[in-house]
1. Of all residues in region 1-32 being touching a helix residue (DSSP H, G or I) at 6+ places or on another chain (Cβ under 7 Å), of a type in the set (A, V, I, L, M, F, W, C) and within 23 Å of Met223 (Cα to Cα), which is modelled with the lowest pLDDT?
2. If you take the residues in region 265-275 that are farther than 21 Å from Ser82 by Cβ and exposed (fewer than 15 other Cβ atoms within 10 Å of the Cβ), which one is modelled with the lowest pLDDT?
3. Determine which single condition Pro170 fails, assuming it passes every other condition in (1) surrounded by fewer than 19 Cβ atoms within 10 Å (Cβ to Cβ); (2) within 20 Å of Asn221 (Cα to Cα).
4. Evaluate the following for Leu258: is it at pLDDT below 95 and either in contact with a strand residue (DSSP E or B) (Cβ under 8 Å, 6 or more places away or on another chain) or within 15 Å of His84 (Cα to Cα) (or both)?
5. Considering only residues of region 33-77 that are among the aromatic types (Phe, Trp, Tyr) and at pLDDT 95 or above, which is surrounded by the most Cβ atoms within 10 Å (Cβ to Cβ)?
6. How about region 228-263: which of its residues are under 19 Å from Leu209 (Cα atoms), out of contact with any Ser or Thr (no Cβ under 8 Å at 6 or more places or on another chain) and of a type in the set (S, T, N, Q)?
7. I need every pair where a residue in region 95-107 that is farther than 17 Å from Gly246 by Cα has its Cβ under 8 Å from the Cβ of a residue that is surrounded by 10 or more Cβ atoms within 10 Å (Cβ to Cβ) and of a type in the set (Phe, Trp, Tyr), sequence separation at least 6 or different chains.
8. Would you call Arg220 modelled with pLDDT of 95 or more, at negative phi, part of a loop (DSSP other than H, G, I, E, B) and not polar (S, T, N, Q)?
Amino acid sequence: MIEITKEEYALLTDYIYKESGINLKKNKELLLVGRLRKLLIELGFDSFSEYYHYLINDKTGGASSVLIDKVSTNHTYFMRESDHFEYFKNTVLPDLKKKKENGVKRDIRLWCAASSTGEEPYTLSCIMKEYFEKDTPLWDTSLLATDISTTVLATAKKGIYSCEDIEPLPRIWKLKYFVRQDDSFVRVSDEIRNNVIFRRFNLMNPVFLFNQKLDVIFCRNVMIYFDQPTKDRLSEKMYDCLEPGGYLFIGHSESIDLRTTKFKYMMPSVYQKCI
């Protein structure tokens, strides 16, 4: 059995923190060993020190990507925190439509910053499809969905889910936007799947480079793994890449310090960039 020393744990957790922002505390040794032990055996290493040296000497970025895949927690499901989707449909989209319907370019610039296995961006794509259905040719509603984990992105791109997975969705959506694969699985329809652009993205990037300012950011249930300085830097970067009046959605178990942020509080875990 490969065990981890305090020194090895400190080196690896510091590396993970710098690469991904994930803050593994002192009592997470068993979690880290459990997630990495099989990988070390597959790579032929006898200690975590060997593995650490392999990480820091890898110039391709592949080793780091695999590590982050292993330590990331990717738990999501359709219609998670459903009040956010109601607010997006009933408040955000009408607001954006009113602002843009007389413009030369009618688009909704939306970024799912922690898309995991795809349930969130596909849900948002369905909502926009329903909302703009009569005016679909006039509006660009394609959205960007990113995650640091290549494993979950591969699953998201396939768009295949069990019948149980889609149970929380409206019945009409199941008929219109999902194609049955067999008795147990369905696939997201091409019109919805092709509307979502999946990319790998690290929220620890020092600068977020977008060609245009964004209208909406969903960054839910990821900041719970960050310490406060990392949360503050991330919320500031997201503020900077939003249009004035743009919206930020975070998870219900997360919050932004209203004493220091420039965001305006709209409802629990929903904020707006000041106009």
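The values are calculated or read from the model by the stated rules, or taken from the named source; none is laboratory data. What you see is a predicted model; the values in this text were computed from it and never measured. Please note: Cβ atoms are built from the backbone with ideal geometry, for glycine as well, and neighbour counts cover all protein chains shown.
1. Step by step, filter region 1-32, then rank; the result is Leu24.
2. Filtering region 265-275 for residues that are farther than 21 Å from Ser82 by Cβ and exposed (fewer than 15 other Cβ atoms within 10 Å of the Cβ), the one modelled with the lowest pLDDT comes out as Ile275.
3. (2)
4. Yes; evaluated as a whole, the condition is true for this residue.
5. Phe48
6. Thr230
7. Pairs that qualify, where the first residue is farther than 17 Å from Gly246 by Cα and the partner is surrounded by 10 or more Cβ atoms within 10 Å (Cβ to Cβ) and of a type in the set (Phe, Trp, Tyr): there are none.
8. Yes: the conditions hold for Arg220.
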